[in-house]
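**Q** One structure follows; several queries about it will come next.
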Amino acid sequence: MRTFYSAVVLAMHDGGSENVRLQDIYSRVEMFRPLTDHDREPHPMYPQENFKHTVRSILATLQEDKWRLVKYAGRAHYSLTKRALEKIDVFKNDNFGRSSGSEIDIKELLERLGRSKPSED
């Protein structure tokens with residue numbers, strides 16, 4: 001199973017890579033990673049399913065300066081950066097997700113896939 005990081009990147013890639021609506025990312029993420037019952041449960045603090053909170057958290061992480069894989073395009077739209085598009089096979093080849101328990105983080109994912117230097121580009 002893929003990590004949520006890869007599922008989000010691939011959902012964006014499938015949505016055209018640029019100016020992808022957050023709602024479209026939500027609707028596509030399951031194409032790249034099956035959602036568990038827990039993922040579909042209401043989040044205890046926010047008025048949406050757990051996986052939607054996870055997707056937004058991942059988008060925030062992928063935007064960080066040290067990764068620069070996603071950029072916020074405004075009004076709940078996101079775009080993949082050139083760097084993410086150049087490394088799309090890293091995300092396609094990911095099989096490090098877990099169906100239960102905690103997943104690896106983006107740094108560990110990129111390290112396992114041989115892309116350990118976050119600021120190499």
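**Q** So what does MET45 come to for accessible area, using a 1.4 Å probe and Å² rounded to 10?
**A** Per-residue accessible area (MET45): approximately 140 Å².
**Q** Straight-line reach only, C-alpha to C-alpha below 18 angstrom: list the lysines that LYS92 could link to, leaving out same-chain residues fewer than 8 apart.
**A** Candidates past the 8-residue exclusion: LYS82, LYS107.
**Q** Would you calculate, for the chain, the mean residue ellipticity at 222 nm contributed by helices, counting each DSSP H stretch of 4 or more residues as -39,500 (n - 2.57) and dividing by all residues, to the nearest 500? It would help to have the intermediate numbers written out before the result.
**A** Working: 7 runs with 57 residues, N = 121.
Mean residue ellipticity, 222 nm, calculated: -12500 deg cm²/dmol.
**Q** Could you give the Stokes-Einstein D for the chain in µm² per second, using the C-alpha Kirkwood radius, 20 °C, 1.002 mPa s?
**A** Values: Rh = 14.4 Å.
Roughly 149 µm²/s, to the nearest whole number.
**Q** Roughly speaking, to the nearest percent, how much of segment 12-69's 1.4 Å accessible area is carbon and sulfur? All intermediate terms of the calculation are to be shown ahead of the outcome.
**A** Values: 1550 of 3330 Å².
Of the solvent-accessible surface of segment 12-69, carbon and sulfur hold 47 percent.
**Q** Let me ask you something else. Output the relative contact order of segment 47-102, whole-number percent, from Cα pairs under 8 angstrom with separation of 6+ residues. Show your work: numbers first, answer last.
**A** Working: 29 pairs, mean separation 9.7, N = 56.
Relative contact order comes out at 17 percent.
**Q** Tell me the relative contact order for the chain as a rounded percent, counting alpha carbon contacts under 8 Å between residues six or more apart. Intermediate values should be presented prior to the final figure.
**A** Numbers: 157 pairs, mean separation 38.3, N = 121.
RCO, the chain: 32 percent.
**Q** Using only the heavy atoms of the protein chains and a 1.4 Å probe, how would HIS38, HIS53 rank by accessible area, largest first?
**A** Values: HIS38 110, HIS53 55 Å².
Result, largest first: HIS38, HIS53.
**Q** Using 7 Å Cα-to-Cβ label points, what is the GLN48/ARG68 separation (nm, one decimal)?
**A** Roughly 2.7 nm, to one decimal.
**Q** What net charge is computed for the residues neighbouring ALA76, neighbours being all others with C-beta under 11 Å from the C-beta of ALA76, Lys and Arg scored +1, Asp and Glu -1?
**A** Net of charged neighbours comes to +2.
**Q** In nanometres, what is the gap between the two model label sites at GLU86 and GLU41, each 7 Å from Cα along Cα-to-Cβ?
**A** 4.2 nm
**Q** Checking the a/c ratio against 1.5 first, then a/b against b/c, what shape does the Cα gyration tensor give for segment 22-85? Walk me through the intermediate numbers first.
**A** Working: a/c = 2.08, a/b = 1.75, b/c = 1.19.
Cα axes put segment 22-85 in the prolate bin.
The values are calculated or read from the model by the stated rules, or taken from the named source; none is laboratory data. All values derive from a computational prediction rather than experimental measurement. Because the Cβ atoms are built from the backbone with ideal geometry, glycine has one as well, and the counts that use them run over all protein chains shown. Accessible surface is based on the protein model in full, side chains and every heavy atom, while ligands, DNA and RNA are left aside. Shrake-Rupley method; radii C 1.70, N 1.55, O 1.52, S 1.80 Å.
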